[in-house]
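Colleague: Below is the structure I would like to discuss, written out as structure tokens.
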Amino acid sequence: MDYNYLGYRFRPTEDEIISYFLENKMRGNVFPVHVINTVNICAFEPWQLPGQAAIRDDDEWYFFSEHNKKYANSARTERTTRAGHWKVTGKDRQIWDKNRKEVIGVKKNLVFYEGRGSNAVKTSWVIHEYHSNNASAYQKPYVLSYLKGNLNEKDYTRAASSGHAASGS
């Protein structure tokens, strides 16, 4: 579908992200319009992810991804890529259903750091990761990630020179 219609913007509220998109994805429901791709976030560098989005002509991108654990019997989440890692910043924020007046999920803010250890450099890439409180009830728990970043020539050059070609979706 062509999303370059005048006036069209995909900007769901946090309530809609969890109660509609995330819950329906975990139930296995099919969406009437395909606006969010399922991507393993850590298989790509942040500057490659916009190419994996269903809606590419924008400055913000949305993805579903399975909740990948660092170890099989651990609650820790895997957030490393070849070039760096996503670091959780700040406190988890509760997301409320405005109609039912109850907490339906949490939002985690993550910043991408390029490099490892003390040599890691903070970048302008940010992910807001949404988790449903009902995720444990599903066989395949997903998170919905909302990516914001700075697509500039340096990032594209770095991605091309690193040999990480983003595959199509």
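The values are calculated or read from the model by the stated rules, or taken from the named source; none is laboratory data. Everything numeric here is computed off the predicted structure, so don't read it as measured data. Here Cβ is always computed from backbone atoms with ideal geometry, including for glycine, and neighbour counts include all displayed protein chains. Keep in mind that these areas ignore ligands, DNA and RNA; they rest on the heavy atoms of the full protein, side chains included. Shrake-Rupley method; radii C 1.70, N 1.55, O 1.52, S 1.80 Å.
Colleague: So which of 87/148; 25/107; 101/148; 87/122; 91/140; 25/87 end up more than 20 Å apart, counting from Cα to Cα? Display every interim value, and only then the final one.
Modeller: Values: 87/148 15 Å; 25/107 17 Å; 101/148 29 Å; 87/122 9 Å; 91/140 25 Å; 25/87 25 Å.
Exceeds cut-off: 101/148; 91/140; 25/87.
Colleague: At a Förster radius of 35 Å, what calculated FRET efficiency corresponds to the Cβ-Cβ distance of residue 119 and residue 140, to the nearest 0.05?
Modeller: 0.45
Colleague: If you don't mind, there's one more thing I want to ask. Quick one: what Rg and Dmax do you get for segment 17-127 from the alpha carbons, in Å?
Modeller: Answer for segment 17-127, Rg first and Dmax second: 15.4, 46 Å.
Colleague: Can you compute 3J(HN,Hα) from phi for each residue in segment 124-130, using the Karplus curve 6.51 cos²θ - 1.76 cosθ + 1.60 with θ = phi - 60°, rounded to whole Hz and x for Gly and Pro?
Modeller: Each residue's phi maps through the Karplus curve to give 8, 7, 10, 10, 9, 9, 9 Hz.
Colleague: I'd like the accessible area for residue 80: 1.4 Å probe, protein heavy atoms, all chains in place, Å² to the nearest 10.
Modeller: Surface accessible to solvent at residue 80 totals approximately 60 Å².
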